[in-house]
Amino acid sequence: MSLTNDHLLERLRERFNGLLLDARLATGQITLELLPESLIEVCLALRDEPEFSFAQLSDVCGVDYLNYGKADWETMDTTSTGFSRGVDQGVYAKTVRTFPARFASVYQLLSLTHNRRLRVRCFLPSDPPQVSSVTELWPSANWFEREAFDLFGILFEGHPDLRRILTDYGFMGHPFRKDFPLEGNVEVRYDPDQKRVIYQPVTIENRVLVPRVIRDA
Amino acid sequence: MPEIRNMTINFGPQHPAAHGVLRLVLEMDGEVIQRADPHIGLLHRGTEKLAESKPFNQSIGYLDRTDYISMMCNEHAYVLAIEKLLGIAPPKRAQYIRVMFAEITRILNHTFWLAAHALDCGAMTVFLYAFREREDLLDCYEAVSGTRMHATYFRPGGVYRDLPDRMPQYQASRWLSEKEAAARNADRQGSLLDFIEAFTQRFPNYIDEYETLLTDNRIWKQRTVGIGVISPERAIALGFTGCMLRGSGVEWDLRKKQPYEVYPELDFDIPVGKEGDCYDRYLVHIEEMRQSNRIIKQCVDWLRANPGPVMIDDHKFSPPNREKMKGDMESLIHHFKLFTEGYCVPEGEVYVPIEHPKGEFGVYLISDGANKPYRIKIRSSAFTHLSGINDLVQGHMLADVVAVLSTLDIVFGEVDR
């Protein structure tokens with residue numbers, strides 16, 4: 001590693017001045033945050049300029065920040081009657097970071113020449129979430145973007161073949177969105193009368209065994 | 001004149017060489033592949049979404065089930081990601097144990113890969129040989145964790161427990177005579193480390209046996225030399241890692257380049273190929289097994305000489321000793337809290353890649369400060385490798401698709417997650 005993370009962060013801030021929302025260094029990893037308008041310009045520079053040369057795109061993934069920082073259950077002291085097992089959805093635990101948009105697509109870049117990694121997070125304010133595809137820059141983005149489209153409904157403009165990839169043929173909805181129930185909406189079973197597999201509304205109910213809590217460590 | 005049209009055929013999802021549940025739609029001109037379009041997702045279980053609904057520790061077992069051929073390596077990336085966010089480091093002995101089991105897992109994976117690859121190309125014997133060795137290594141899994149596959153052995157802060165002093169024994173039965181049982185138990189009289197050491201002594205000879213069967217075999221070479229060639233530049237652009245990248249001559253191994261755990265203290269080499277075809281990738285796999293064997297030997301020596309704790313002494317993350325729990329209120333509370341609520345991970349995000357037997361396996365973890373992950377993304381190498389299959393098979397014959405598929409080392413638990 002020729003440059004330390006701090007230096008690299010400085011260089012990135014200088015080079016992309018005005019194009020970024022934020023550039024931060026946390027747990028030893030650099031994250032650039034930006035909006036869809038500047039994504040292609042920044043990515044092109046990151047790939048082609050020799051001081052960055054991020055030749056490989058390791059990963060693209062969607063993130064849904066809908067419930068970020070929401071806990072199910074909160075108490076700091078005991079009560080005389082004991083605790084109920086009830087789970088309240090959506091207790092806000094504390095003041096948490098707010099995000100410029102609900103959805104983001106996150107790119108993990110790798111430079112083999114400089115042996116260095118970088119994360120780019122692109123917030124997607126439009127509805128439906130939309131961003132330019134980076135398949136032209138890194139062919140490896142092809143399936144990752146299809147996956148993010150399938151699971152989060154993020155539309156990648158200019159993607160050559162934006163089909164669902166992981167879910168079933170004819171699947172409805174985007175299952176990794178935070179407002180998509182864990183148990184799903186429909187289930188399949190074999191119907192002996194109709195002699196075929198049919199779809200029906202789910203008959204199972206999700207029980208939260210361990211509530212989600214947020215505590216200061 | 002009759003019209004000549006390309007033919008579209010379905011390869012899988014029920015096909016022994018489809019390595020599970022791959023549906024490959026092939027557009028053929030005669031017997032030559034024009035285009036390959038894999039349809040995946042038949043094993044999609046929503047691992048990442050399920051992990052969001054559970055405390056951190058309860059998802060370790062799910063990670064075993066992503067790539068179910070190299071179980072402990074998946075756990076490794078997940079556990080390292082949690083540790084990085086928590087800012088804790090396991091004791092040295094736990095790190096050595098993890099590295100030793102990561103390398104055992106690498107051998108498990110590579111022997112399975114070799115077995116399946118050779119079988120797909122028509123060599124049955126290798127399959128039987130390789131499974132003989134896997135049996136011994138799965139016994140090591142069983143000895144430390146109680147299960148042969150889905151171990152859940154690595155935990156944030158260390159490993160579940162220390163290495164056992166004795167190995168499970170074979171018992172004579174109607175199918176196994178006294179004499180045969182005694183022969184199988186010969187290596188199992190000492191501790192687990194003795195057993196592993198005995199294995200590392202035997203293993204190089206076993207690799208020689210595989211090589212005798214394959215390396216100079218005329219049919220093997222006809223099936224693999226010049227098949228599925230990929231240039232280093234294209235491999236990098238397609239996101240290839242691991243043996244797929246090293247087979248094309250790029251010396252890139254995260255154990256050396258971005259070392260984690262105790263890899264910097266260990267002595268091993270990184271083999272690379274030249275041509276980037278199936279045969280070179282085969283040679284790379286073979287040499288990696290030899291190198292893993294070397295690493296295991298070094299770990300065994302270190303572990304013999306350095307007893308000590310295998311879990312951090314912080315009961316926020318590790319359960320207290322059961323005996324202590326019976327009499328000590330504090331320990332009881334810790335135990336209760338850990339097994340009901342779990343621990344909260346500070347707000348933040350981290351991407352932790354490791355050198356998985358198949359390539360770069362990364363866990364991208366976002367925590368909002370809760371006791372459950374906010375989002376976890378598993379970056380699996382097989383997913384990326386499979387996405388590049390169109391490049392690899394174009395212009396090849398149908399039979400070569402089978403060879404290319406098995407050289408990719410895909411496991412559907414990991415591709416579909």
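No value in this document is a laboratory result; all are computed from the given coordinates. Quick caveat, the model's predicted, so the values are computed rather than measured. Cβ sites come from the backbone with ideal geometry, for glycine too, and all protein chains shown count toward neighbours.
Residue by residue along A:58-71, Cβ atoms of other protein chains within 10 Å of the local Cβ number 5 on average. Between B:Ile207, B:Leu332, B:Leu266, the Cα set farthest toward the positive side of the dipole of the protein assembly as shown (charges on each charged residue's Cβ, about the Cα centre) is that of B:Leu332. This ranking places B:Asp165, B:Asp253 by how few other beta-carbon atoms lie within 10 Å of each, fewest first, which gives B:Asp165, B:Asp253. Modelled spin-label separation between B:Leu398 and B:Asp208, with each label point placed 7 Å from Cα along the Cα-to-Cβ direction: 4.2 nm.
log₁₀ I(q)/I(0) of the stretch B:97-254 at q = 0.11, 0.12, 0.14, 0.17 Å⁻¹, via Debye over equal Cα point scatterers, no solvent, to two decimals? Debye intensities relative to I(0), on a log10 scale: -0.60, -0.70, -0.90, -1.15.
Using C-alpha pairs below 8 Å separated by at least 6 residues, the relative contact order for chain B is 25 percent. A cut-off under 11 angstrom between Cβ atoms defines the neighbours of B:Lys372, and their net charge, with Lys, Arg +1 and Asp, Glu -1, is -1. Residue by residue along B:351-358, Cβ atoms of other protein chains within 10 Å of the local Cβ number 2 on average.
Taking Cα atoms, how many degrees apart are the long axis of helix A:36-48 and the longest axis of chain A, rounded to 10 and kept between 0 and 90? Tilt relative to chain A: about 50 degrees. Within the shell defined by Cβ-Cβ distances under 9 Å, the residues around B:Phe383 carry a net charge of -1, with Lys and Arg each +1 and Asp and Glu each -1.
Here the mean projected area of the convex hull built on the C-alpha positions of the stretch B:286-390 is 10.6 nm².
Altogether, the Stokes-Einstein calculation at 20 °C and 1.002 mPa s, with the Kirkwood radius of the stretch A:87-217 over Cα pairs as Rh, returns a diffusion coefficient of 117 µm²/s.
Excluding same-chain neighbours fewer than eight residues apart, the lysines reachable from A:Lys178 by a Cα-Cα span under 16 Å are A:Lys70, B:Lys49, B:Lys54, B:Lys372, B:Lys377. Dipole of the protein assembly as shown computed with +1 at Lys/Arg Cβ and -1 at Asp/Glu Cβ about the Cα centre; of B:Gln394, A:Leu12, B:Ile376, farthest Cα towards the positive end is B:Ile376. Quick one: helix B:192-214 against the long Cα principal axis of chain B, what's the angle to the nearest 10°, folded into 0 to 90? With rounding to tens, the tilt is 0 degrees. Residues A:His7, B:His285, B:His315 in ascending order of nearby Cβ atoms (within 10 Å, fewest first): A:His7, B:His315, B:His285. On the basis of the beta-carbon distance and an R0 of 35 Å, A:Glu51 and A:Asp168 show a calculated FRET efficiency of 0.20. The share of Cα pairs per 5 Å bin across the stretch A:138-197, counted from zero up to the longest distance, runs 4, 16, 23, 18, 14, 10, 8, 5, 2, 1, 0 percent. For the protein assembly as shown, the spread of Cα positions along the three principal axes, ordered from largest to smallest, is 79, 73, 70 Å. Amide H contacts of A:Ser132: A:Glu157, each under 5 Å away and 5 or more positions distant or on a separate chain (H built 1.01 Å from N in the peptide plane; Pro and chain starts excluded).
Once Rg and the Kirkwood radius are both taken over the C-alpha atoms of the stretch B:1-145, their ratio Rg/Rh works out to 1.11. Considering only alpha-carbon pairs that sit under 8 angstrom and 6 or more positions apart, the relative contact order computed for the stretch B:45-159 is 34 percent. How far is helix B:278-305 tilted off the main Cα axis of chain B, in degrees rounded to 10, range 0 to 90? Its long axis makes an angle of about 10 degrees. Neighbouring Cβ atoms from other chains, within 10 Å of the Cβ of residues in A:30-43, number 0 on average. Taking Cα centre as origin and charging only the Cβ of basic (Lys, Arg, +1) and acidic (Asp, Glu, -1) residues, the dipole magnitude of the protein assembly as shown rounds to 1120 debye.
Computed from the Cβ-Cβ distance with R0 of 56 Å, the FRET efficiency linking A:Asp193 to B:Ser173 stands at 0.70.
Amide H contacts of B:Arg35: B:Glu27, each under 5 Å away and 5 or more positions distant or on a separate chain (H built 1.01 Å from N in the peptide plane; Pro and chain starts excluded).
Remark: chain A carries a charge dipole of roughly 400 debye about the Cα centre, counting +1 on each Lys and Arg Cβ and -1 on each Asp and Glu Cβ. With the highest mean first, a sort of the peptides A:112-120, A:25-33, B:60-68, B:48-56 on other beta-carbon atoms found within 10 angstrom per residue produces B:60-68, B:48-56, A:112-120, A:25-33.
Here B:Ser292, B:Ser191 are placed in order of increasing Cβ neighbour count within 10 Å, fewest first, which gives B:Ser191, B:Ser292.
Of the peptides B:267-278, B:348-359, B:206-217, the ranking by mean beta-carbon count within 10 Å, highest at the top, reads B:348-359, B:267-278, B:206-217.
Over all distinct Cα-Cα pairs of chain B, the Kirkwood formula returns a hydrodynamic radius of 22.7 Å. Karplus-derived 3J(HN,Hα) values for the stretch A:51-57, using 6.51 cos²θ - 1.76 cosθ + 1.60 with θ = phi - 60°, are 6, 9, 5, 7, 7, 10, 9 Hz; glycine and proline are entered as x. For the pair B:Lys316 and B:Thr147, the difference between a 0.36 nm per residue extended length and the Cα-Cα distance amounts to 58.2 nm.
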